[in-house]
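Comments concern the structure below.
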Amino acid sequence: MGAGPAGLLLSHLLHQAGVRSVVLETRSRAYVEQRVRAGVLEDGTRQILLRAGVGERMERQGLVHEGVNFAFEGSLLHFDFPALTGGHTITVYGQQEVVKDLIRARLDAGGDVRFEAEAVRLEDLDGVVRVYYRNPDGSEDCLEADFVAGCDGSQGICRGWLPDSVRRVHQRAYPFAWLGILAEAPPASHELIYVNHHRGFALFSMRSPHLSRNYIQVRAEETLEEWPDERIWEELQRRLDRAAQITVGPVREKSLAPLRSLVVEPMQHGRLFLAGDAAHVVPPTGAKGLNLAVCDVVVLARALVDYYRRGEEAGLRAYTDRCLEHVWQAEHFSWWMTQLLHRLDDPFEEGMQRAQLRALRRSEAARRYLAENYTGVHTSLRYVDWVPAG
Ligand code: RFL
Ligand code: PHB
């Protein structure tokens, strides 16, 4: 369920192993291909997409970055990823481009992706599962399946089908949101800049040498109406300060995203398996969400293939425990980056931030912790070998 990165990649990996699947997606194809979301792929995610045979355009058009920068206390701190991690990099490539590549691969292979098909309920999670879904004309259809993968994102219905008696939800809300813009303007810098500033956090990212993707921290209750384009540009430049000069350009997209952390345990019940944002949400500061979705589905695809090929159920039974390992690691990193960089309005917390930021400047060991997490050493890079090289 869901034609985001999780559902589409799972369907693709299963297809490569000869296992049939149907993808149900409530939105239209055009909508999911245009939705602006994540932009940073861990080195492991890049390698997984390549091995799965869906990385060709990413290799041509993605921007390989050898580091990111922090701006704080009036200067820049550079994290040199290859030096800190034994050669790993990140790739800047929009999530909607990953989604386009996966949809094309599924459709070219004759895959069954049903758009504008909204799953509404599940029945018999312990037997042959029935999935009921609604068509655009309001009529309902039903699919019967051995397994259901709940890849329906943070607002989906699958999470709710874990019985209350087994489901535990751990969460944290933050009192701020990110206001993001995609603009036709060259990026402020050739690498990402994360800014810790007394006016609030800002992030300078990009999608190409001509498209910038920038964010600012705003209060959770603010609205887009309060932020005309000129005010956003002005605020971006004030927070960036003298670290770099921004170029203003037409704003193509503008959005507000609240920040939260959430983990659902277990990630499975009967024949329903949750993957991606359906099972966990991270604040975007660590650039982990899409990469975690990829880790989950690599684990799930292998478990399902072992079941169909050899009748082995061990992988399916171990799914939650296996995934929670990378999930909590990424939850911690995303929470840590969020605490470190945002304006928190608490003198004690600000003291903690200053101490940690200065330690990053002084200590290579501290910088290595960030670099390993950012490039996926503890997440996707552990799963590259799990995907058969195509
Ligand atoms: P998705 O992409 O939300 O896909 C779920 C799909 O399920 C559909 N759906 C249903 N379909 C059928 N029936 C139903 N009842 C359905 N209910 C929902 C939805 O329409 C949708 O198409 O989840 P998935 O596949 O788990 O992928 C997760 C990622 O999308 C998410 O984690 C990332 O975008 C998070 N994220 C980032 N992740 C990164 O790894 N690196 C980044 O740099 C990064 N930056 C970000 C981000 C998320 C952001 N926002 C908007 C929250 C930046 C931002 C601003
Ligand atoms: C993005 O380019 O959209 C992006 C980059 C890094 C993040 C979050 C979002 O941490």
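The values are calculated or read from the model by the stated rules, or taken from the named source; none is laboratory data. Everything numeric here is computed off the predicted structure, so don't read it as measured data. For neighbour counting, all protein chains shown are included, and Cβ atoms are generated from backbone atoms with ideal geometry for every residue, glycine included. Please note that ligands, DNA and RNA were not included when accessible areas were found on the heavy atoms of the full protein model with its side chains. Shrake-Rupley method; radii C 1.70, N 1.55, O 1.52, S 1.80 Å.
Taken over the range 313-360, the residue count meeting the criterion of being open to solvent by 10 Å² or more (accessible area, probe 1.4 Å), of a type in the set (A, V, I, L, M, F, W, C), farther than 30 Å from H198 by Cβ and part of a helix (DSSP H, G or I) is 4. Residues in the range 136-149 that are open to solvent by less than 60 Å² (accessible area, probe 1.4 Å) and part of a loop (DSSP other than H, G, I, E, B): 3 in all.
The residue list G86, G4 contains one member that is within 16 Å of ligand 2 (Cβ to nearest atom) and more than 17 Å from W386 (Cα to Cα), which is G4.
When the residues of the range 85-135 are filtered to those that are part of a loop (DSSP other than H, G, I, E, B) and under 22 Å from Y374 (Cβ atoms), the one that is most open to solvent (accessible area, probe 1.4 Å) is G86. Selection of the range 158-188 for residues being part of a loop (DSSP other than H, G, I, E, B), in contact (Cβ under 8 Å) with a residue 40 or more places away in the chain and away from ligand 2 (no atom under 16 Å from the Cβ) yields L162, P163, V166, R167.
Within the bounds of the range 298-309, is there any residue that is exposed (fewer than 13 other Cβ atoms within 10 Å of the Cβ) and not acidic (D, E)? Checking the range 298-309: at least one residue is exposed (fewer than 13 other Cβ atoms within 10 Å of the Cβ) and not acidic (D, E).
All of L316, L304, L341 fail the test of being within 16 Å of ligand 2 (Cβ to nearest atom) and touching a strand residue (DSSP E or B) at 6+ places or on another chain (Cβ under 9 Å), apart from L341.
For the range 48-77, taking the residues that are open to solvent by 60 Å² or more (accessible area, probe 1.4 Å) and within 16 Å of ligand 2 (Cβ to nearest atom), the one that is farthest from A6 (Cα to Cα) is identified as E66.
Considering the range 361-390, the residues that are among the aromatic types (F, W, Y) and in a helix (DSSP H, G or I) include one that is surrounded by the most Cβ atoms within 10 Å (Cβ to Cβ), namely Y374.
Within the range 152-205, the residues that satisfy the criterion of being open to solvent by 70 Å² or more (accessible area, probe 1.4 Å), more than 19 Å from the chain's Cα centre (by Cα) and within 28 Å of G2 (Cα to Cα) are W161, D164, S165, R168. Going by the conditions given, is E191 free of Cβ contacts under 8 Å to residues at least 24 places away in the same chain and charged (D, E, K, R)? No; evaluated as a whole, the condition is false for this residue.
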